[in-house]
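Step one of this worksheet: look at the structure below.
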Amino acid sequence: MPDRDIVRLDDLPAMGPLFARALVPGPRRTPGIPAQTALVSGHRQDVARLARYAGVCGFTLRDSVPPTWLHVLTFPLQVYLLAGPGSTLRLPGMVHVANRMRLHRPVSVTESLELRVRAAYLRPHRRGALVDLIGEVRVAGEVVWDAVSTYLASGVSVPGTPEEADREPFDPVTPLARWRLPSDLGRRYRAVSGDPNPIHTSQLAARAFGFRRPIAHGMWTHARALAALENRLPGSYAVEVAFARAVPLPGTVGFTATSQPDGWAAAVTTKDGAKPHLLLRVTA
């Protein structure tokens, strides 16, 4: 990640005020994304918060942290950039459509972290525009984790021809497991992640964005699927997910996983296994 145009923050920003600011309509401007990299140095991980996160997502509490936990730590910097003056995208209502992350080596909960995020590659989509939020975690200058979170900003028009994205085929399956998700899952995940997006906790907010009831955080679904595989994963690996459809709360979902020569393919599905909510692939 380039070392130019860096905004250095003393600590991770509180996301509630940033979301509140983003709810206030602004003047129409040409779509754009911030040019800066947001950076926090010397971040000390909160072990008690990590333990609560592990409990909500199904991970075993270990000395080394799950890669999705590192996403949680960099997410406030994503919100900081998208809610800032350099961004014209409307943060409320943006949809997380895909995520790729690489864990380069095990990261200990005791390690001091440098967290970086930048926005890149604003491009057209048939339903609006896509943007990538690129995150990086370093320890003593060494890159130990990096990720790309891709978001869809509906209704935004940017120049160019939309890419033809091939949807990964999905054949109905018989789930290996079924998970019953309680109605308060959104509030529980918000408490450990800090993500204040009200579509996960408020029926009124969910309906305003086209959902009949609150939906699970996509990154909870990602984490829960990865937690189901954690005892089979190596010390370093890449994981890629596509978020296919929202998970309403309360509800029941299915889970399936298949071993492959280079890793694992997994899916969180409807409870009957007919349709996917999330498709996941892990490669060593």
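The values are calculated or read from the model by the stated rules, or taken from the named source; none is laboratory data. Not measured: the values here are computed from a predicted model. In this analysis, Cβ positions are derived from the backbone assuming ideal geometry, glycine residues included, and neighbour counts consider all displayed protein chains. Each accessible area value is taken on the protein alone, full model and side chains, heavy atoms only, with ligands, DNA and RNA left out. Shrake-Rupley method; radii C 1.70, N 1.55, O 1.52, S 1.80 Å.
Ranking Arg190, Arg105 by solvent-accessible area of protein heavy atoms (1.4 Å probe, all protein chains present), from largest to smallest, gives Arg190, Arg105.
The charge dipole of the chain, taken about the Cα centre with unit charges on the Cβ atoms of Lys, Arg (+1) and Asp, Glu (-1), comes to about 1020 debye, rounded to the nearest 20. Taking each DSSP H run with n ≥ 4 as -39500 (n - 2.57) and averaging over every residue of the chain yields -6000 deg cm²/dmol at 222 nm.
The label-point distance for Arg188 and Ala284, in a model that sets each label 7 Å from Cα toward Cβ, rounds to 3.3 nm.
Over the chain, the Kirkwood radius and the radius of gyration, each from Cα atoms, give a ratio Rg/Rh of 0.94. Residue ranking by accessible heavy-atom surface, 1.4 Å probe, largest first, among Trp69, Trp264 comes out as Trp264, Trp69.
Which residues in the range 102-125 place their backbone N less than 20 Å from a point set 7 Å from the Cα of Glu142 along the Cα-to-Cβ direction? Label zone hits: 102-116. Helices assigned as whole DSSP H runs in the chain whose Cα atoms extend at least 18 Å along their own long axis and whose mean Kyte-Doolittle hydropathy is 0.0 or higher are found at 67-82. Full extension of the chain segment joining Ala274 with Arg123 gains 51.2 nm, where the gain is 0.36 nm per residue of separation less the Cα-Cα distance.
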